[in-house]
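As structure tokens, the structure follows; a few thoughts come after it.
The values are calculated or read from the model by the stated rules, or taken from the named source; none is laboratory data. Quick caveat, the model's predicted, so the values are computed rather than measured. Here the Cβ positions follow ideal geometry from the backbone for every residue, glycine too, while neighbour counts run over all protein chains shown.
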Amino acid sequence: MDIEIRRGLAEAWALAGDHRNMLAVYTAIGVIVPFLLLSSEPIFSLRTIIAILSDPWTYRVGGSITGPLYLLGIVAVIVAGAMLAAWNGILAELREGFLSEVMYGMVAGVAYLLANLVLAITIGLVAALPLFVLGPDALFGTGGALDIVIALYRLIVSLVGSWIAARLCLAGAIMGGRGKLEPVTAFVESWRRTRSAQWRLFGFYLLYGLPFGIAAAGLIIAHGAVILNNAPGGWIETLMSFGWILLFALYFVGQILIPAGLYRTSEPEITAREVFA
């Protein structure tokens with residue numbers, strides 16, 4: 001069993017054309033709704049963050065940390081649920097309608113989210129063990145040669161994390177396509193299916209994330225300049241918000257379609273439509 005990335009992208013493109021209306025609905029649920037929810041909390045405002053960074057002794061955000069954490073949890077569930085609902089809608093053999101897909105997505109999305117959270121915490125703890133063994137100098141830096149070693153170690157850890165993410169990229173599509181509520185077997189199957197193409201997928205996802213990273217950095221710089229030179233609530237700042245929504249929407253759709261296309265090409269005896277031929 002092998003995964004051809006070119007065929008996977010062709011299949012993803014075909015799925016986008018076949019399900020564009022449904023993708024628009026789930027993108028609105030998974031991007032616009034969370035964006036509006038987070039915008040209601042001052043701590044998530046870029047203007048607030050810049051103010052705190054510019055003068056941390058003067059600017060403070062009052063209130064409990066419980067509220068923002070609670071809001072982040074709600075947003076994470078909505079995003080994961082919208083993704084699982086979308087995978088179920090575009091990959092299931094028979095669609096059962098938006099209501100059924102949303103209900104499935106909310107339940108399966110929580111399970112998928114928790115599995116990813118447990119995996120991330122486990123990897124983080126394992127990766128942090130050498131730093132704790134080395135003591136405070138490794139954690140906070142000393143300005144010497146040890147800092148260079150720690151920086152290289154963190155780079156290696158991030159690359160290993162990206163490789164693991166590439167190996168597990170099919171898990172959500174497997175869950176959604178089969179209507180599964182239990183994520184562990186989907187993670188195991190994704191690991192098995194991506195074995196022969198793991199380094200190609202690793203390289204692809206690094207390249208895939210590069211333009212989004214550059215675009216996000218450009219938006220941060222542009223938005224920061226707007227904030228520093230304009231009063232709050234102007235039309236330019238509103239325009240920057242639309243820019244963020246567009247970027248998140250493109251990334252969200254890609255995170256759905258690319259694994260879906262790769263999943264379909266990894267199926268035995270499946271023939272992807274060669275859209276890019």
Checklist entry - Taking segment 157-192 as the region of interest, how many residues are in contact with a Phe, Trp or Tyr (Cβ under 8 Å, 6 or more places away or on another chain) and more than 24 Å from Y104 (Cα to Cα)? => result 4
Checklist entry - Would a scan of segment 162-182 turn up a residue that is at pLDDT 95 or above, more than 21 Å from L119 (Cβ to Cβ) and of a type in the set (G, A, S)? => result no
Next on the checklist: Report every pair of residues separated by at least 6 positions or lying on different chains whose Cβ atoms are under 7 Å apart, first residue within segment 111-135 and in contact (Cβ under 8 Å) with a residue 60 or more places away in the chain and under 14 Å from A165 (Cα atoms), second exposed (fewer than 13 other Cβ atoms within 10 Å of the Cβ) and not acidic (D, E).
Outcome noted: A115/V184
Next on the checklist: Take the residues in segment 193-230 that are of a type in the set (V, I, T) and surrounded by 12 or more Cβ atoms within 10 Å (Cβ to Cβ); name whichever of them is nearest to A165 (Cα to Cα).
Outcome noted: T194
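Could you list all residues from segment 130-143 that are assigned to a loop (DSSP other than H, G, I, E, B) and at pLDDT 65 or above? It would help to see each step written out before you state the result.
Here is the first cut: in segment 130-143, the ones assigned to a loop (DSSP other than H, G, I, E, B) are 135, 141-143.
Result: G135, single match.
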Checklist entry - Somewhere in segment 52-73, is a residue at pLDDT 85 or above and touching a helix residue (DSSP H, G or I) at 6+ places or on another chain (Cβ under 7 Å)? => result yes
Next on the checklist: If I filter segment 228-240 down to residues being touching a residue at least 12 places away in the same chain (Cβ under 8 Å) and aliphatic (A, V, I, L, M), which single residue comes out as nearest to Y251 (Cα to Cα)?
Outcome noted: M240
Next on the checklist: Any residue that is out of contact with any helix residue (DSSP H, G or I) (no Cβ under 8 Å at 6 or more places or on another chain) and within 15 Å of L9 (Cα to Cα) - is there at least one of those in segment 187-203?
Outcome noted: yes
Item to check | Which listed residue, of A186, A127, A92, is surrounded by 14 or more Cβ atoms within 10 Å (Cβ to Cβ) and modelled with pLDDT of 95 or more | outcome: A186
Item to check | Any hit, segment 158-175, residues being without any contact (Cβ under 8 Å) to a residue 40 or more places away in the chain and basic (K, R) | outcome: yes
Item to check | Close pairs from segment 203-227: first farther than 27 Å from R47 by Cβ, partner surrounded by 13 or more Cβ atoms within 10 Å (Cβ to Cβ), Cβ under 6 Å, at least 6 apart | outcome: F204/I5; Y205/A166
Next on the checklist: Considering only segment 196-207, I want to know if a residue exists there that is among the basic types (K, R) and under 30 Å from E101 (Cα atoms).
Outcome noted: no
